[in-house]
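As structure tokens, the structure follows; a few thoughts come after it.
Bear in mind these aren't lab numbers, they're just calculated from the coordinates by the rules spelled out. All values derive from a computational prediction rather than experimental measurement. Using ideal geometry, Cβ is built from the backbone for each residue, glycine included, and neighbour counts are taken over all protein chains shown.
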């Protein structure tokens, strides 16, 4: 709409980071008991998603 | 034809070590392989193996990245240009250092805020930055925001998940009460080392409750002989050693509640450590060697229930 291409890396990173933020809010409100056993896979998945999309976008740019 | 003949007759120049274009990371293994005319995989395996020797392989690799020029480049290596005072390189190194320091400060600030009761604020900030990234994605992107966003989100996440409470200040705390009246109900340190030595306290029969806490660090409790010790410990991640028993791991919730023998005092310890160790011993705890840090038998207890 704005004429600029959509940046998938920013989009995926933003969604993943906002998702982490939602987990933190739920923990702060005691609606969820966040533990390291749950956080570690969530963080790994976030980092993996960002790296994967970054790698795919780079290979597309080439 | 003539050209080819002339080229073949040129004396071979000195062999030059460069980082190869045939690279996995920085072309160091490939460059060494070409220089010594050996399969690069030998150097790659060697560097990986050396990484397990105190990180030597990583040090060598970083040094090679900095001081060995890239193949086909007529410029000296980055490290050489840095020491020659090349302004472009100095500027780039300065920028990288500034980003690293900024990221570290953000991470520490985020962890501190989350550990001192502002966890909901930090969580809101993480969501806001995430949504800003989503919005920016449709306007060309803002990838530079990813690093600061992660620097805020990850430490706050670890602090929240490990239930790290950073109240209690930073540093070394040491207490050695002499009487039962001097023993406080609760001792804690935010980040650091807390030692409570109760060996001089003449406990009388009955239960004596004590709470110990640390956000990040080690808590040592030294107990007098002839006292039965019951322990309840919660750790986000770390180690609990209570006299003759121990456990470790993440999300540790450990209980050992033996009953005291008749007319024997019982110390009921409630320990809460975010990241670190809770150590209960009948002797000062040694933190500087690989031997088991705590000692004691808890023989003053009548029956011991199984630790969970």
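Quick notes
- Residue B:140 falls short on exactly one of the conditions (1) at the interface with chain A (Cβ under 7 Å from one of its Cβ atoms); (2) surrounded by fewer than 18 Cβ atoms within 10 Å (Cβ to Cβ); (3) not in a loop (DSSP other than H, G, I, E, B), and that condition is (3).
- In the stretch A:22-37, the residue that is surrounded by the most Cβ atoms within 10 Å (Cβ to Cβ) out of those that are in a helix (DSSP H, G or I) and more than 7 Å from chain B (Cβ to nearest Cβ) is A:23.
- The stretch B:212-241, residues that are outside any strand (DSSP E or B) and either out of contact with any strand residue (DSSP E or B) (no Cβ under 8 Å at 6 or more places or on another chain) or on the phi > 0 side of the Ramachandran plot (or both): B:224, B:225, B:226
- Condition met for residue B:152 (at the interface with chain A (Cβ under 8 Å from one of its Cβ atoms) and either closer than 22 Å to residue A:9 by Cβ or buried (at least 17 other Cβ atoms within 10 Å of the Cβ) (or both)): no
- Contacts under 8 angstrom Cβ, first residue in the stretch A:26-39 being over 22 Å from residue B:238 (Cα atoms), partner part of a loop (DSSP other than H, G, I, E, B), 6 or more apart: A:26/A:32; A:26/A:34
- Tabulated pairs, the stretch B:229-240, first more than 14 Å from chain A (Cβ to nearest Cβ), second surrounded by fewer than 20 Cβ atoms within 10 Å (Cβ to Cβ) and part of a strand (DSSP E or B), C-beta under 6 angstrom, 6+ apart or interchain: B:230/B:268; B:232/B:255; B:232/B:270; B:239/B:248; B:240/B:247
- Looking only at the stretch B:125-136, residues that are more than 7 Å from chain A (Cβ to nearest Cβ) and without any contact (Cβ under 8 Å) to a residue 12 or more places away in the chain come to 2 in all.
- Residue A:9, sole failed condition from (1) in contact with a helix residue (DSSP H, G or I) (Cβ under 8 Å, 6 or more places away or on another chain); (2) at the interface with another protein chain (Cβ under 8 Å from one of its Cβ atoms); (3) not in a helix (DSSP H, G or I): (3)
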